[in-house]
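Here's the structure we're looking at; comments come further down.
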Amino acid sequence: MHTSDHLPDYELTEADLAEYRERGYWRSPKLYSDSEIAAMRAAVERVCVHGERDTDNWSWFGDTKDKFAAVGPTVVRQVTNAWWINHAIREVATSPRLGRFGAAFMGTDEVRLWHDQAIWKPPAGDAEDVSGNVGWHQDYAHWQCSSTQNMCTAWIALQDTDLTNGGMRTIVGSHKWGLQKDADTFGHKDLRGLQEKYSAGRDWIDEPCILRAGEVSFHHSLCFHGSGPNLSSDPRLCLISHMMPADCALRSDADARWHLNCVLLGPGAAAGTPFAGPYFPRLWPSAAADS
């Protein structure tokens, strides 16, 4: 049965908010129609597989088709700040549709985009091929230049997603463990080794984030998550929008860690400089609220 292009807006309940606070993540009902999913899949294919751009500028790392061809057929292809180069991704990543959920989960009146990611995970060569793994990590461990850990990620499934096609797995309640400073381990492949390192003395509740196409997982920036190989015959695609509250600013103390977003603040940026401006568009309230 074809889903209507006009899905009803979902209103978060107190139970939804309590679940996010207790478990570190929350799974939505379907927020995107079938036609929107098809458009997002086409956009991810364009930027991650064909290296195509709608604009003359580049994404964060200058991702190109030649770069991806060099990394091997089963390696995850990831384009950060894909919204810079693809109009369809820009519409999704900067939409108030995600921003209003982020505002509720972060308890803030204003939400801005930290950055987005378009991800294309190809099928693994075999069950022993770990090149498509995403290591257990905390998002904020990669973002230690920012002044707040109160950040939220929206992970949009662009097909039915579970363990068979390398879907995300979350460690329930791990956002309560606090920052593990060296958990910037997205690119690590040894899931078992990372589990042994970070589970010591803790309840390691590894839960698959099973989503239908068009559903979204929202997780706290300290919630450990990762994924295993894609054992299906088709690529697994997703779009991700990382969100921050309005008070997120540059941190430059001794424990801060450099991140490419620091460059986007320009020369002379000092501690306390807000991550604001054209590189960090406002997602909530929507621009229409200013008119």
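The values are calculated or read from the model by the stated rules, or taken from the named source; none is laboratory data. What you see is a predicted model; the values in this text were computed from it and never measured. Methodologically, a virtual Cβ is constructed for each residue, glycine included, from the backbone with ideal geometry; neighbour enumeration extends over all protein chains shown.
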Task: In the range 185-217, the residues that are in a loop (DSSP other than H, G, I, E, B), more than 23 Å from V92 (Cα to Cα) and among the charged types (D, E, K, R) - done: K189, D190, R202, D203
Open item on the list: Can you tell me which of (1) modelled with pLDDT under 95; (2) in a helix (DSSP H, G or I); (3) small (G, A, S) is the one A39 doesn't meet?
Closed with: (1)
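To keep it simple, each residue is scored yes or no on (1) loosely packed, with under 15 Cβ neighbours inside 10 Å; (2) of a type in the set (A, V, I, L, M); (3) at pLDDT 95 or above.
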site	(1), (2), (3)
V172	no, yes, yes
K176	yes, no, yes
K181	yes, no, yes
D184	no, no, yes
G193	yes, no, yes
Y198	no, no, yes
G201	yes, no, no
I210	no, yes, yes
G214	no, no, yes
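β-branched (V, I, T), out of contact with any Asp or Glu (no Cβ under 6 Å at 6 or more places or on another chain) and closer than 23 Å to R27 by Cβ: which single residue out of I156, I210 fits that description?
Going through I156, I210 in turn, just one is β-branched (V, I, T), out of contact with any Asp or Glu (no Cβ under 6 Å at 6 or more places or on another chain) and closer than 23 Å to R27 by Cβ: I156.
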- [ ] Report, by residue number, each residue of the range 42-60 that is within 18 Å of the chain's Cα centre (by Cα) and assigned to a helix (DSSP H, G or I).
- [x] A43, V44, E45, V47, C48
- [ ] May I ask you to list pairs of residues, at least six apart or on different chains, whose Cβ atoms are under 6 Å apart, with the first in the range 116-135 being of a type in the set (F, W, Y) and the second being surrounded by 19 or more Cβ atoms within 10 Å (Cβ to Cβ) and assigned to a loop (DSSP other than H, G, I, E, B)?
- [x] W120/P235
Task: Top-ranked residue in the range 240-257 [being part of a loop (DSSP other than H, G, I, E, B) and more than 19 Å from the chain's Cα centre (by Cα); ranked as surrounded by the most Cβ atoms within 10 Å (Cβ to Cβ)] - done: R251
Task: Within the range 144-160, tally of residues that are part of a loop (DSSP other than H, G, I, E, B) and either touching a helix residue (DSSP H, G or I) at 6+ places or on another chain (Cβ under 8 Å) or buried (at least 23 other Cβ atoms within 10 Å of the Cβ) (or both) - done: 6
Task: Hey, D129 under 17 Å from the mean Cα position of the chain (by Cα) and of a type in the set (D, E) or not - done: no
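I'd like to check something: does the range 77-84 contain any residue that is at positive phi, modelled with pLDDT of 85 or more and not charged (D, E, K, R)? Walk me through how you get there before you give the answer.
Going residue by residue through the range 77-84, those that are at positive phi are 81.
Checking the rest, the ones that are also modelled with pLDDT of 85 or more come to 81.
Adding the requirement that they be not charged (D, E, K, R) leaves 81.
Yes, the range 77-84 contains at least one residue that is at positive phi, modelled with pLDDT of 85 or more and not charged (D, E, K, R).
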Task: Any chance S286 is closer than 25 Å to G107 by Cβ, of a type in the set (S, T, Y), surrounded by 14 or more Cβ atoms within 10 Å (Cβ to Cβ) and modelled with pLDDT under 95 - done: yes
